[in-house]
Structure formats: structure tokens, C-alpha cells
């Protein structure tokens with residue numbers, strides 16, 4: 001079994017288990033549109049960088065335009081967890097974005113190490129971190145704009 005081919009399935013299972021363990025069912029239901037938006041944003045970013053020839057997946061399992069389908073499922077679950085812990089205050093928002101940038105960087109590093117995907121040309125891990133930060137910032141902005149009421153109503157303050 002080539003683990004690189006199936007790592008996105010493993011990551012998706014881990015993330016969705018975390019979703020169901022850490023978040024109450026009614027909150028998951030409220031944040032499902034955010035998860036869909038996260039998958040769409042992730043797909044757009046991946047397609048864009050693939051079209052520039054800066055990033056590619058090696059032998060993806062169930063590819064959608066060359067992007068592994070379970071990578072998008074993983075992104076949807078990650079988006080739900082990410083936005084579930086988002087705060088209204090800018091300084092706290094920035095800290096959460098940086099924390100999740102590090103977490104996504106760790107997942108990407110593991111994927112790199114086992115050969116799931118490859119960075120091409122000058123694209124390296126530093127650019128990947130900047131890309132993750134920018135993508136999470138955009139996701140925060142778009143999610144708050146589209147689903148702000150869902151995100152911030154009936155939340156448990158974990159301060």
C-alpha cells in the first residue's frame with residue numbers, strides 16, 4: 001500500500017473525528033456552509049497553483065481536476081474546526097489564524113515527507129506557509145461576511 005496515495009483519506013478521517021469529538025452536533029450543522037466554503041476556497045487555491053505549475057499531487061486517489069477529493073473533505077472539516085474557534089477581536093483572530101497556519105503547515109510537511117505532493121520550481125515550504133496564512137485569512141473574511149451570524153451566535157466563550 002502506497003501511503004502517499006491515501007494520506008488525504010487518513011487526514012480527512014483524523015480531522016472529521018476531531019470535528020465530531022470537539023464540536024456539538026448543532027454547532028456542526030450551523031457551520032456546514034463554512035465547511036463547504038472552505039472546500040471551495042481550498043479547491044480554488046489548489047487549482048490556481050497547479051495551473052501555474054508550482055504544485056502538483058503525485059498519483060492522487062479519486063482526483064477532481066488533479067486535486068485529491070479527500071483533500072477537499074479534509075479542508076472542509078478543517079474549516080469547520082478553524083471557524084468554530086474564531087473570535088471577533090482582531091488580535092485573537094490573528095493568533096488563531098497563525099496557529100492554524102502552523103497546524104496546516106505540519107500536515108503539509110508530513111504530506112511532503114511521504115511524497116503525496118510536490119512543490120515545483122521556486123515554490124517552497126516558506127511560500128506554502130504564506131499561502132496557508134493568506135488562504136485562512138481569506139476564509140475568515142469570506143466566512144464572516146457570508147455566515148457571520150451563524151459563526152458568532154450561540155458560541156461558547158473559551159477565553
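The values are calculated or read from the model by the stated rules, or taken from the named source; none is laboratory data. These numbers come from a predicted model, not from an experiment. Cβ sites come from the backbone with ideal geometry, for glycine too, and all protein chains shown count toward neighbours.
Please verify whether the range 16-24 includes one or more residues that are closer than 30 Å to residue 122 by Cα and surrounded by 16 or more Cβ atoms within 10 Å (Cβ to Cβ). Within the range 16-24, not a single residue is closer than 30 Å to residue 122 by Cα and surrounded by 16 or more Cβ atoms within 10 Å (Cβ to Cβ).
Every residue, every condition in (1) outside any helix (DSSP H, G or I); (2) over 14 Å from the mean Cα position of the chain (by Cα); (3) closer than 18 Å to residue 111 by Cβ, yes or no:
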| site | (1), (2), (3) |
| --- | --- |
| 17 | no, yes, no |
| 21 | no, yes, no |
| 29 | no, yes, no |
| 48 | no, yes, no |
| 56 | yes, yes, yes |
| 70 | no, no, yes |
| 75 | no, no, yes |
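Among the residues of the range 110-146, the ones that are touching a residue at least 40 places away in the same chain (Cβ under 8 Å) and within 19 Å of residue 4 (Cβ to Cβ) come to 10 in all.
Of the residues making up the range 27-59, those that are out of contact with any helix residue (DSSP H, G or I) (no Cβ under 7 Å at 6 or more places or on another chain) and without any contact (Cβ under 8 Å) to a residue 60 or more places away in the chain are 29, 32, 40, 44, 46, 47, 48, 50, 51, 52. The residues listed here are 86, 98; of these, the one that is assigned to a helix (DSSP H, G or I) and over 11 Å from the mean Cα position of the chain (by Cα) is 98.
Of the residues making up the range 88-102, those that are surrounded by 15 or more Cβ atoms within 10 Å (Cβ to Cβ) and without any contact (Cβ under 8 Å) to a residue 24 or more places away in the chain number 1.
For the range 107-143, a tally of residues being at pLDDT 90 or above, over 12 Å from the mean Cα position of the chain (by Cα) and crowded, with 18+ Cβ neighbours inside 10 Å returns 1.
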